[in-house]
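This report refers to the structure that appears directly beneath it.
The values are calculated or read from the model by the stated rules, or taken from the named source; none is laboratory data. The structure displayed is predicted, hence computed values, not measured ones. We place every Cβ from the backbone using ideal geometry, glycine too, and count neighbours over all the protein chains shown. Remember, those area values only see protein heavy atoms, side chains included, never the ligands or the DNA or RNA. Shrake-Rupley method; radii C 1.70, N 1.55, O 1.52, S 1.80 Å.
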Amino acid sequence: MTASSSRPSSRHAARVSALVAIALCALAPIAVSAAGAPSGSTPRGAVGDALRSWIDANGDAGVELEGVYLGEHDGVAAAYRAGGATRRDVGVFAASGGLDAGEAYVSVPWSLVVSAETVGAHRPALGALLTQLRAEYGEDEKSALMLALLHERFASPDDSPWREYFAALPAPGDDDGFDATARWSPASLRELQGSDVLEDAIADQARVRAVHKGLTKRVFEAHTSLFPPRAATLAATEWAWSVVHSRASRVPTKGLVIVPLADMINDADEQEEQARAMFRRAGEETKKNGGGGDTRREEARYADDFVVYDEMNDRAAVFAKRDYRAGEEVTEKYGVWSDADTLLSAGYVRGFSGFGATVELGATFGEENDGEVSGKVSCVAVSLGASSFAGADAEPELALRRAADALKDHGFEVPWRACLSPAMRGTRDAKRVAKWASIVAENSLGDGKEKDARGGDDDDDAKRRAGGARGGAALLRVLDRRLSLYPTSLEEDEDALRMYREQVERAVARIRELEEADGDAGTTTEDDDVADTKRELTVARRAALATALRAREKRALAATRAS
């Protein structure tokens, strides 16, 4: 889980309260079905055991879960969302007694947050190198965080303060552990045909290789004591890249970091958004009727953030945005992400849980604030360039060049990436798209006869209406062309999703049957069966994610066209 506009982006939260150290109540692991489990509990299995060890080892330092426990999602939905056949989807849930709004439910001392700064302070030689690289090549938060991860995970794994935490993450080289598209095979990538995400995913894979090449030349070859061979492989770089993209948060005033435990919090869905809105409205109504509530200025400051830096206590903290019932999952908004971002960075598709074939489209695009859209984004990433609207009746090359020049003159990149949604109407984003379409229409569509015919028209309203009509025609051509690029229909996508779900169900059942069978260690044949079935699961799961994204995009584009 990550938040990002460039994928990592910001997160936010609310009130400081007294906390009880987890180390004082070392609790037995629990299953997610135990609604209202004790605060600080962790799930059964390797992931839960590793997290329990890290919490216990650092409880005296101030690592705390207050009013929540870590639990597992199970079943097909978890297999889609978590990645990995037996790596179930861990989430954060309100403990027995519930969780109050404004309570700091995750707290990690800043010294135990994974960042270039904290790792550099723990490893002076690495800190000096990161300072040198920043002076020579400029600020690059992502590369610096990746280098910190590589050193701790591969060069100094035995004495790393994050050793147990790293054990809870997918292992390097575990292709089944990450579903972000940077790890997809060419066959899986082909499932994205028709979506602009395919081009982004290919670019991401090339970018990872380029980053590895650059780090090898600038860092690994020259600093072998800090980055021994096992830390300098492409597989290690891919692991660090995947961890940063799927788990990093941009903390206000502190930058790009990974906060252990907070990275187990799942992305808020639309029901969570609605629950928060109802909670806010209820609070406003209480105030209006003379009720004082317990909202403080400090809480208001954190009201919209995910992870924040609590300067008074020198810690990273996540605060509850509303009241939660015992056993209810506590989720956070990852930031303004398009549907493309969620798959590219974190390997999931909104509105797709694996239950049933239909992929639902969000009812809202986001919240408009002073003309800008914030919050969840149910939109389709579209690359708007000259070829976006050129069809069978393609415009002359000269007209396309003229349109591109005009767009650049008005401050647009060519091609320009936009996120289209029917619910963006009236927002600043919608006005920007309308301006793009108007410029394109004015400079490329038609042969100019319509413009000549209006040459003597002094009616400004008529001119505006005509310009709007031309812009609308340009945008319709973009949408029609975009929809025509998909190789399958929506009905075919939904049939495919049913098939993939059945494949995932069978694979999950088979793997658990093999791995949980009684007796001693499995035979070589059984181990081979598990490995083969895991590969089948990975292929089916990624095909389902790609198909779900295509279906979601088609619904959004068709609704946008109709609007």
**Prompt:** Under the Karplus relation 6.51 cos²θ - 1.76 cosθ + 1.60, θ = phi - 60°, what is the ordered set of whole-Hz ³J(HN,Hα) values for region 196-202, x standing for Gly and Pro?
**Reply:** 5, 5, 4, 5, 5, 5, 4
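Taking 0.36 nm per residue of separation and subtracting the Cα-Cα distance, what length does fully extending residue 529 through residue 562 add?
Values: separation 33, 0.36 × 33 = 11.88 nm, distance 4.92 nm.
Gain on stretching residue 529 to residue 562: 7.0 nm.
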**Complete:** For region 150-222, the per residue accessible area (1.4 Å probe, Å²) is 43 Å²
**Spin-label proximity, residue 313 to region 46-66 - amide N less than 17 Å from point 7 Å beyond Cα toward beta carbon** = 55-56, 58-66
**Asked** Amide H to amide H, which residues 5 or more places from residue 306 or on other chains are under 5 Å from it, using H placed in the peptide plane?
**Response** 11, 12, 13
**Prompt:** To the nearest 10 square angstrom, how much accessible area does residue 225 have with a 1.4 angstrom probe?
**Reply:** 110 Å²
**Asked** Considering the zone a paramagnetic label at residue 278 would reach in this model (a point 7 Å from Cα along the Cα-to-Cβ line), which residues of region 312-335 have amide N under 17 Å from it?
**Response** 321-331
**Request:** Can you pull the one-decimal nm distance between simple spin-label points at residue 210 and residue 432, each 7 Å off the Cα toward Cβ?
**Result:** 2.2 nm
